[in-house]
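Colleague: Below: one structure in structure tokens.
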Amino acid sequence: MPEAVLFDLDGVLVESAPVVEASWSRWAGERGVDWAALRPVLHGRPGRELVSEFAPDLDVEAEVATITAYEMAEEGSLRAIPGARECMDAAPRWAIATSGGRELALGRLRAVGHPVPDVLVSADDITQGKPHPEPYLKAAAALGVVPEACLVIEDAPAGIAAGKAAGMRVVAVTTSHGAEELAAADAVYASMADVRREEL
């Protein structure tokens, strides 16, 4: 049993992929950004980094604010991932490390009725996002748990890379990517219920 569980948010605790993709697709269309190139790398990376990469001539903060507004307008479409709450309840200690902003993360947790953890590391709290290990290292430090005693639960390749680089055990769920794309994880599960049964 791990001493602490570090959850990604989108695709692990909250089913937000349709909202995220619709919002970013809308933005890409409005700004002339290549959606076909953006979509495969969308999940698990901070919005600021994506805007900087795909629309370097635009005002990053203004564009992220626009996309966030699009996403927040669709909060009613969000759903809790089945089995997620049971994993949260079973974890001895837990935190969230998300590539989204704090306001967006809090809105999503409230929208689906999940509790807000004492430790929530968002894109607003870091200088380097996933796949860099900073988000997970910061969450572990805030909990006072060494990285080796943490379990990371992810759904995206960038998050898996971040957890592994932090020296943590990483398991993945196939909510937004196929198992073959998540092969770098220590274990891959079809559902959060499977994670609860096998890891917690």
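The values are calculated or read from the model by the stated rules, or taken from the named source; none is laboratory data. Bear in mind that the values here come from a model prediction, so they are computed numbers and not experimental data. Neighbour counts are summed over all protein chains in view; Cβ atoms, including those assigned to glycine, are modelled from backbone coordinates with ideal geometry.
Colleague: Restricting attention to region 98-134, report how many residues are of a type in the set (Val, Ile, Thr) and part of a helix (DSSP H, G or I). Explain how you work it out, then say what you get.
Modeller: Going residue by residue through region 98-134, those that are of a type in the set (Val, Ile, Thr) are 98, 112, 116, 119, 121, 126-127.
Still in the running and part of a helix (DSSP H, G or I): 112.
Number of matching residues: 1.
Colleague: Any idea how many residues of region 132-153 are touching a residue at least 40 places away in the same chain (Cβ under 8 Å) and within 25 Å of Val60 (Cβ to Cβ)?
Modeller: Within region 132-153, residues that are touching a residue at least 40 places away in the same chain (Cβ under 8 Å) and within 25 Å of Val60 (Cβ to Cβ) number 3.
Colleague: To continue, here is another question. So for region 87-97 (the condition being among the charged types (D, E, K, R), outside any loop (DSSP other than H, G, I, E, B) and touching a residue at least 12 places away in the same chain (Cβ under 8 Å)), does at least one residue qualify? Lay out the reasoning, then the answer.
Modeller: Applying the first criterion (among the charged types (D, E, K, R)) to region 87-97 yields 89, 93.
Adding the requirement that they be outside any loop (DSSP other than H, G, I, E, B) leaves 89.
Narrowing the set further to residues that are touching a residue at least 12 places away in the same chain (Cβ under 8 Å) leaves none.
There is no residue in region 87-97 that is among the charged types (D, E, K, R), outside any loop (DSSP other than H, G, I, E, B) and touching a residue at least 12 places away in the same chain (Cβ under 8 Å).
Colleague: Residues in region 135-159 that are within 13 Å of the chain's Cα centre (by Cα), in a helix (DSSP H, G or I) and more than 14 Å from Ile96 (Cα to Cα): how many?
Modeller: Qualifying residue count, region 135-159: 2.
Colleague: So if I check each of Pro82, Pro40, which one is part of a loop (DSSP other than H, G, I, E, B) and out of contact with any strand residue (DSSP E or B) (no Cβ under 8 Å at 6 or more places or on another chain)? Reasoning before the result, please.
Modeller: Values: Pro40 fails: part of a loop (DSSP other than H, G, I, E, B).
Among Pro82, Pro40, only Pro82 is part of a loop (DSSP other than H, G, I, E, B) and out of contact with any strand residue (DSSP E or B) (no Cβ under 8 Å at 6 or more places or on another chain).
Colleague: Also, I was wondering about something else. May I ask you to verify whether Asp34 is of a type outside the set (A, V, I, L, M, F, W, C), surrounded by fewer than 15 Cβ atoms within 10 Å (Cβ to Cβ), without any contact (Cβ under 8 Å) to a residue 12 or more places away in the chain and not assigned by TED's automatic domain parsing to the domain that holds Ser99?
Modeller: No, not satisfied.
Colleague: Pairs please, first residue from region 174-190 and at pLDDT 95 or above, second anywhere and aromatic (Phe, Trp, Tyr), Cβ atoms under 9 Å, 6+ apart in sequence or on different chains.
Modeller: Thr174/Tyr189
Colleague: Take region 1-18 and flag every residue that is in contact with a strand residue (DSSP E or B) (Cβ under 6 Å, 6 or more places away or on another chain) and either buried (at least 24 other Cβ atoms within 10 Å of the Cβ) or of a type in the set (A, V, I, L, M, F, W, C) (or both).
Modeller: Within region 1-18, the subset in contact with a strand residue (DSSP E or B) (Cβ under 6 Å, 6 or more places away or on another chain) is 2, 4-9, 12-13, 15-16.
Within region 1-18, Ala4, Val5, Leu6, Phe7, Asp8, Leu9, Val12, Leu13, Ser16 meet the criteria.
Colleague: With the structure loaded, tell me whether Ala142 is in the same structural domain as Glu103 (by TED's automatic domain parsing), out of contact with any strand residue (DSSP E or B) (no Cβ under 9 Å at 6 or more places or on another chain) and not β-branched (Val, Ile, Thr) or whether it fails that test.
Modeller: no
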